[in-house]
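What follows is a single structure, written as structure tokens, with notes after it.
The values are calculated or read from the model by the stated rules, or taken from the named source; none is laboratory data. Everything numeric here is computed off the predicted structure, so don't read it as measured data. Cβ coordinates were reconstructed from backbone atoms using ideal geometry, including for glycine residues, and neighbour counts include every protein chain displayed. In case anyone asks, the SASA skips ligands and DNA or RNA and just uses the protein heavy atoms, side chains included. Shrake-Rupley method; radii C 1.70, N 1.55, O 1.52, S 1.80 Å.
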Amino acid sequence: MSIRVMLVDDQVLLRTGFRMVLAAQPDMEVVAEAGDGVEALQQLRSTAVDVVLMDVRMPKLDGVETTRRICAAAEPPKVLILTTFDLDEYAFSGLKAGASGFMLKDVPPAELLAAIRAVHSGDAVVAPSTTRRLLDRFAPMLPGTGSEPHHRELGRLTEREREVMVLVAQGLSNGEIAARLVLSEATVKTHVGRILTKLGLRDRVQVVVLAYETGLVRAGGGTG
């Protein structure tokens, strides 16, 4: 079955370029397009979508708020934020709103396609180290988002799961965490899965964000 993609961007030319790239793939199809967040939400009411490519700076309703509303729905599509700058406050806010990652608008086609496939399969497409750079820059500047309930839920984690969560937030891959803790990579993957389940999180990006919001990891990479 093809990956059903929605393009959300107020620039028609950009949407056209993305659509041409995706149309050439045997496992993808563009099933909807929108020029702003309001239109995107309307389209999603009647169209089944797997992955949304979401611009952030749009009229009527920006990509961050649109992402927040999409991700609050039952069984929402995955959202990839599209941004012009690597360290963009909109990208940071998009991750906090529930996006599974972000991509630069000038990303090479092969990387964009790989990102869509990765997100569709359930992975986050932002390297944890890149996410951490965003958080290091913007976390001290932005207000919290009411994460106190999650803060209490951290008490549900085992000591080992907290260790793994800290290392995820510090930008280590599963393989690097396995080496650091002298575990198998499969065991680390299991721990990450349990963390996601216990805390009600979608992916590693959300683990990193929550670790910063709760003070488990502080800006600069230190532990709380």
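Below, the figures for the structure above:
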{"item": "Net charge of neighbours whose Cβ lies under 13 Å from the Cβ of Ile195, counting Lys and Arg as +1 and Asp and Glu as -1", "result": "+3"}
{"item": "Magnitude of the charge dipole, the stretch 1-83, Cβ model with Lys/Arg +1 and Asp/Glu -1, debye to 20", "result": "100"}
{"item": "Size descriptor, Kirkwood hydrodynamic radius, that averages inverse alpha-carbon separations across the stretch 65-117, Å", "result": "11.5"}
{"item": "Förster radius 22 Å - calculated FRET efficiency between Thr16 and Arg57, Cβ distance, rounded to 0.05", "result": "0.75"}
{"item": "Leading residue at positive end of dipole, the stretch 1-122 (Cβ point charges), from Ala24, Leu95, Thr47", "result": "Thr47"}
{"item": "Among 100-112, 44-56, the order from most to least packed when residues are scored by Cβ within 10 Å on average", "result": "44-56, 100-112"}
{"item": "Carbon/sulfur fraction of accessible area - the stretch 18-121, other protein chains in place, 1.4 Å, %", "result": "52"}
